[in-house]
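First comes the structure, then the notes that go with it.
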Amino acid sequence: MTIRRVGGKLGSLVLTLVLASALVFFSRFLVPGDPVNFLLRGRKPSPEAKAAVVEQFGLDLPPWEQYFRWIGGMFHGDFGRSLQFRDAVTTVIGDRLPVTAGLVIMSAVIIVVVGVIAGTIAALYRGRFADRAILTVLTAFGAIPPFVGSIVLIAVFAVQLRWFPAFGSGDGFLDTIYHLTLPSIAMAIAFMVLIGKVTRMSMVEQLSREHVHVATSRGLGRLTVIRRHVFRNALGPIFTVGGMLIAGLLVATSIVESAFGIAGVGSLLVQSVNRLDFPVVQAIVLLVVTSFVVTNAIVDLLEPIIDPRAAAGEAGR
Amino acid sequence: MTLLEISGLTLDLPGGERLLHGIDLSVNEGETVALVGESGSGKSLTAQSILGLLPARSVVTGTVLVDGHNVPTMSSKELLGLRRSTAAMVFQDPRAGINPMRTIGDHLTEALRLGEGWSAGRARERAIEMLAAVQMPRPEEHLRQYPHELSGGMLQRVMIAGALVGSPRLLVCDEPTTALDVTTQAQILQVLIEQRQARSMGMLFITHDLNLAASLCERVYVMRDGRVEEEGSARQIFRHPATAYTRRLVAATPTIEITGDEPRASTELVRQPVLQVRDLAKTYPGRGRESVRALANVTLEIAAGEALGIVGESGSGKSTLARMIVGLELPDFGKVIIDDQERHGRPRRRADRLDRARKVQMVFQDPYLSLDPRMTAGEAVEDALRLHHPELRRPDICSRALTLLDNVGLASTQAEALPRTLSGGQRQRVAIARALAIEPSLLVMDEATSALDVSVQAQVLEVISEIRRERGLTLLFISHDLAVVRTVCERSVVMREGEVVESATTADLLTNPQHEYTRLLIDSVPRAAAIA
Amino acid sequence: MSRPTPTLAIKVLRSSRRRRVNASWMISIIVLAAITLAAIFAPLVAPYDPDHIDFTAIYANPGWAHWLGADALGRDTLSRMIYGARTALLAPLVVVIASTFLGVVLGLVAGWRGGWLDAVIGRLLDVLLAFPALLIAIMAVALFGKGLVAPVIAMSIAYAPFVARLTRSLVASERARPYVAAYRVQGFAGGWIALRRVLPNVAPTVGAQSTLNFGYVLAELAGLSFLGLGVQAPTADWGAMINESQAGIVGGYFLPAIIPAVAVVIVVVAVNVIGEEVSDRIGGGTPT
């Protein structure tokens, strides 16, 4: 049963990835005109350079073969060559990946810690002042997009108060964390509301369940009931929404890294669009999509650990 | 020895609404007392007050003495002690009442381990002992199982075992068998009776079923609108109800005793069959598990003007049969013939659809979901009229709709009402009017009164019998409740696991059952008369 | 199986269904109406030409001449805000209308028909949901060049799956209800039931989701312009204004960047307040 389930999920994961990568790859064919001219937009290519691009992308091959070459290359870690850096896309992205990963992880930690705590408090004090205050603040934060958060944080904490740097990603572990503090907060602000509200909603729903009432009727203390019967049961939706956030966070790095002048994958994406470096854009888009799909597949596979009914194939929450 | 003594209990919600108006009630040691009432009577709130489980911030006056200690004034620590070792409660729906994400063993031992500080091994032994006491077949194995692996009846045993682990002296049962089939109910009641005797507990049994209360309990309290309406021995309540409400309640409660007021099969020799069902079969393919046989070779017939009852427990296939007869599902094999016309597949053309609709209409079980939430009662009926009588003009349609609603006992002012402002009984009347608007040859009612309170059910059944008298309606009446079928149907069939096990006139079926399953079904129905 | 459904997020965002003080809803309507009117009648309302460069007013502080001050080129911030509201509001409106239409069609077909069609549409939505809206918009710019047209089309496609998922799940749950079975038994055609009875029942919830989407789309399109990929300078647009004025922040000139940023936040809050209130009022009796 479980093996079948895992197999099914993996099959579905692969299918989604194949379709998504096809979408990323064939999007180029939406652009009318000669693909060589599209790829070399904004440059004055010599005939040799043109020939090199045709050779490199296999432009003289039928579309499906081009796709399989591209996919096949990726399995060997070859994402093609960057037009702006005259270097392998893998190297270009690889250099910038650690700082972006750090940014996303720091931001995710802030979101989950603040969101879960705030949501839990709100659920336990539902309808009271604490609940209303938390909801109002979270909702207001939810309306602050990362670019607004970035410039406000820069203006206040970097320029006015001079507590944090406004630029760059620092050297060494602690310095990097110091440099990434404001950017990760800027990203986290808008997303806290989702985790906060899903925690609250899920906890409130579980609190009203009859089994909680039964547990109380059996002489268990309130904290024990909340820990064993409310929080544990409420985890499922929190994980699901958490998995969904990954996509938003990965894209938000493009804005936050640009605002804080961090040389990460997000700012590389923007830079590559600006410099018409399509191979890099394609690779980053695929990277984001893959991270999202894989994260959610993991969340999905972990579900039976939280909810034994999922293992038995009974959909029901 | 008085174990529970409630006096002058009132309860107000934070908003100021008063839900209980001075309840007086007592339970002695070793005594079984029933608390009977319809929905909204306050019986569950009264039960919850005994364990101090009232809604947050509600205001309570009066006293609830359990073993001499007043519950409303207890500290939270004293409350925990009360719930752990003095009083325990069994709830209605075991599926909702046991945490689906934890094992049965966890459920049974957590109060002992975390509350009383027992070691895991000792708590486990106690859990096994209790599971054996409630007659679970494999106690050790069940400890590792999750709730979704057990049936409803088994889970209710687990719930009872869980209530008993702390050796309570008072057991409060809040409708513990309402969610269960009648044969399962009989088994659970047996377990409860045994345990009460073995432990000489006091038991307060809350139920909406007067027959059940009378068959189980020495004394009965009848509640209504947050007040105790009447109190007395079961015999007294049934034979000589003192108040008008109790009299109405007793009269409205159907029984399976033959009283002579049931509809008689017609004496006409040959009548035209309206519905013929021949060898109907349906199997649902199981996804990754065994496939489910919903119907196997079901054959039955209803003559014009007749009412046929179909009785069965959950999983008997009675609802599948109903959905097939009205065409919501297609059979794998077999024929459905209505008015001598066989049905093939799904309707393709408009005329085909309308023709089928005029042959058979249906009233569904859940009155809360069977009406379109956006359509008023009047619009619901008008919709049907307009579809089937495109020649009628708007004022004619309106007046016809009002007449139909009037026929089922709804005032013209209620035609404007949206379903959410109507009561369950009123909604079911709208559903009946909507079905009658099409003037079908056959009306199928699938558990149409099961969700209603007994007094409301009696009114709806009255509407049905009136309509049958006036229009000679042919009826297929599906129910789990033999007593209701007795009052409605001349003939009945009993179904089990997709098969018809017995078919006879209702009176014969009840007095002289041939099949052992029919006998089991009849024996499982609680009877007031047995005691009275 | 619980896949990462957008429905959940919507439920989450709508979970705080308490009676709001009506003041916040009135204020939200007034603010949005004022901004909309100002945008429509921009030439009449704006005190200056938004592109008029005045070197005597560089980084002018707010005052009688320039109510909200002026930017690095001495352009009047208020006038640029008023003209900028046009793209800021119109583009998300187009996205919301297009994505709602697309999503409702897909969701209704999938939820009502079920079976293989549902499976195919479901898979398509799964794939599209793996592409965050801003990413699709950035990719559209990479393919078709800078400006707002390609991102608006891309975002319409990117937001359609959220609407479609919600519509699908609502329609599927309505379809399973006995009232729909009752319509069938009465002889109504499937298409009639779906379009005339089920769709109106799910519309309030879908509408509320679309309204909330407006805020997100606005913020994301502004973000795109902030990155320099959307509306191009010197055209007045809130996102582009922040982009242009970002350099001034380090020099201590906050206002030209902060004002459009605050405007984005205000509009998003106002739209969310209205969306929740409307769904509360219309959707009060909707079974979900």
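The values are calculated or read from the model by the stated rules, or taken from the named source; none is laboratory data. Computed from a predicted structure; not experimentally measured. All Cβ positions, even for glycine, are placed from backbone atoms using ideal geometry, and neighbour counts span all protein chains on display.
Hey, among B:Asp372, B:Asp339, which residue is on the phi > 0 side of the Ramachandran plot, assigned by TED's automatic domain parsing to the domain that holds B:Arg293 and in contact (Cβ under 8 Å) with a residue 24 or more places away in the chain? Reasoning before the result, please.
On the way: B:Asp372 fails: on the phi > 0 side of the Ramachandran plot.
Of the residues listed, the single one that is on the phi > 0 side of the Ramachandran plot, assigned by TED's automatic domain parsing to the domain that holds B:Arg293 and in contact (Cβ under 8 Å) with a residue 24 or more places away in the chain is B:Asp339.
Give the stretch A:42-63 a look and list any residue that's surrounded by 12 or more Cβ atoms within 10 Å (Cβ to Cβ), of a type outside the set (Val, Ile, Thr) and under 21 Å from A:Arg86 (Cα atoms), or say none.
A:Arg43, A:Pro45, A:Ala49, A:Lys50, A:Ala51, A:Ala52, A:Gln56, A:Phe57, A:Gly58, A:Leu59
Of the residues that sit in the stretch B:369-387 and are assigned to a helix (DSSP H, G or I), more than 7 Å from chain C (Cβ to nearest Cβ) and of a type outside the set (Asp, Glu), which one is farthest from B:Ala415 (Cα to Cα)?
B:Arg386
Considering every residue within the stretch B:411-418, establish whether at least one is surrounded by 20 or more Cβ atoms within 10 Å (Cβ to Cβ), more than 13 Å from every other protein chain (Cβ to nearest Cβ) and outside any helix (DSSP H, G or I).
no
Being surrounded by fewer than 24 Cβ atoms within 10 Å (Cβ to Cβ) and either within 11 Å of another protein chain (Cβ to nearest Cβ) or at pLDDT 90 or above (or both) is the requirement here; does C:Gly215 meet it? Show your work before the answer.
Details: surrounded by fewer than 24 Cβ atoms within 10 Å (Cβ to Cβ): no; either within 11 Å of another protein chain (Cβ to nearest Cβ) or at pLDDT 90 or above (or both): yes.
In short, no.
Pick from C:Ala261, C:Ala240: which is buried (at least 21 other Cβ atoms within 10 Å of the Cβ), within 11 Å of chain A (Cβ to nearest Cβ), under 20 Å from A:Ala143 (Cα atoms) and aliphatic (A, V, I, L, M)?
C:Ala261
Step by step: first the residues of the stretch A:152-178, then only those that are in contact (Cβ under 8 Å) with a residue 24 or more places away in the chain and more than 9 Å from chain C (Cβ to nearest Cβ), then the one that is nearest to C:Leu212 (Cα to Cα). Which residue is that?
Top of the filtered list is A:Leu153.
Of the numbered conditions (1) surrounded by 16 or more Cβ atoms within 10 Å (Cβ to Cβ); (2) more than 29 Å from C:Gly275 (Cα to Cα); (3) out of contact with any Lys or Arg (no Cβ under 6 Å at 6 or more places or on another chain), C:Trp25 satisfies every one except a single condition; which is it?
(2)
Which condition breaks for B:Arg353 when tested against (1) over 34 Å from the mean Cα position of the chain (by Cα); (2) facing another protein chain (nearest Cβ under 10 Å)?
(1)
I'd like the full set of residues that are more than 7 Å from chain A (Cβ to nearest Cβ), assigned to a helix (DSSP H, G or I) and within 21 Å of the chain's Cα centre (by Cα), limited to the stretch C:121-147.
Answer for the stretch C:121-147, where residues must be more than 7 Å from chain A (Cβ to nearest Cβ), assigned to a helix (DSSP H, G or I) and within 21 Å of the chain's Cα centre (by Cα): C:Leu125, C:Leu128, C:Leu129, C:Ala133, C:Ile136, C:Ala137, C:Ala140.
Can we say C:Ala181 is under 30 Å from B:Ala322 (Cβ atoms), in a helix (DSSP H, G or I) and either within 11 Å of chain B (Cβ to nearest Cβ) or touching a residue at least 12 places away in the same chain (Cβ under 8 Å) (or both)?
Numbers: under 30 Å from B:Ala322 (Cβ atoms): yes; in a helix (DSSP H, G or I): yes; either within 11 Å of chain B (Cβ to nearest Cβ) or touching a residue at least 12 places away in the same chain (Cβ under 8 Å) (or both): yes.
Yes: the conditions hold for C:Ala181.
Just to be sure, is B:Thr403 out of contact with any helix residue (DSSP H, G or I) (no Cβ under 6 Å at 6 or more places or on another chain), among the polar types (S, T, N, Q) and under 21 Å from B:Asp372 (Cα atoms)? Break it down into steps so the answer makes sense when it comes.
Values: out of contact with any helix residue (DSSP H, G or I) (no Cβ under 6 Å at 6 or more places or on another chain): yes; among the polar types (S, T, N, Q): yes; under 21 Å from B:Asp372 (Cα atoms): yes.
The answer is yes for B:Thr403.
Would you confirm, using the coordinates I've provided, whether A:Ala51 is away from chain C (no Cβ under 14 Å) and in a helix (DSSP H, G or I)? Give the steps one after another, and end with the answer.
Working: away from chain C (no Cβ under 14 Å): yes; in a helix (DSSP H, G or I): yes.
Criteria met by A:Ala51.
Okay, residues lined up against (1) touching a His at 6+ places or on another chain (Cβ under 7 Å); (2) within 25 Å of C:Ile136 (Cβ to Cβ); (3) at pLDDT below 90; (4) crowded, with 22+ Cβ neighbours inside 10 Å:
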position	(1), (2), (3), (4)
A:Met187	no, yes, no, yes
A:Val198	no, yes, no, yes
A:Val214	no, no, no, yes
A:Leu223	no, no, no, no
A:Arg228	no, no, no, no
A:Phe231	no, no, no, no
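Of everything in the stretch C:145-161, what is touching a Leu at 6+ places or on another chain (Cβ under 8 Å) and either farther than 30 Å from C:Val180 by Cα or of a type in the set (A, V, I, L, M, F, W, C) (or both)? Give them in sequence order.
Quick first cut of the stretch C:145-161, residues touching a Leu at 6+ places or on another chain (Cβ under 8 Å) only: C:146, C:148, C:150-152, C:155-158, C:160-161.
Matches in the stretch C:145-161: C:Lys146, C:Leu148, C:Ala150, C:Pro151, C:Val152, C:Met155, C:Ser156, C:Ile157, C:Ala158, C:Ala160.
Can you confirm whether C:Ala72 is over 30 Å from C:Pro161 (Cα atoms), of a type in the set (A, V, I, L, M), outside any helix (DSSP H, G or I) and free of Cβ contacts under 8 Å to residues at least 24 places away in the same chain?
Working: over 30 Å from C:Pro161 (Cα atoms): yes; of a type in the set (A, V, I, L, M): yes; outside any helix (DSSP H, G or I): yes; free of Cβ contacts under 8 Å to residues at least 24 places away in the same chain: no.
No, not satisfied.
Among (1) of a type outside the set (Ser, Thr, Tyr); (2) within 22 Å of B:Thr46 (Cα to Cα); (3) not in a helix (DSSP H, G or I), there is one condition B:Met136 misses while meeting the rest; what is its number?
(2)
Restricted to the stretch B:204-254, and to residues that are in a helix (DSSP H, G or I), small (Gly, Ala, Ser) and touching a strand residue (DSSP E or B) at 6+ places or on another chain (Cβ under 6 Å), which residue is farthest from B:Arg18 (Cα to Cα)? Don't jump to the end; show me each part of the working.
Start the filter on the stretch B:204-254 by keeping residues that are in a helix (DSSP H, G or I), which leaves B:210-216, B:234-239, B:244-252.
Filter again for small (Gly, Ala, Ser), leaving B:213-215, B:234, B:244, B:251-252.
Restricting the remaining residues to those that are touching a strand residue (DSSP E or B) at 6+ places or on another chain (Cβ under 6 Å) gives B:213, B:234.
On the way: B:Ala213: 27, B:Ala234: 29 Å.
This residue is B:Ala234.
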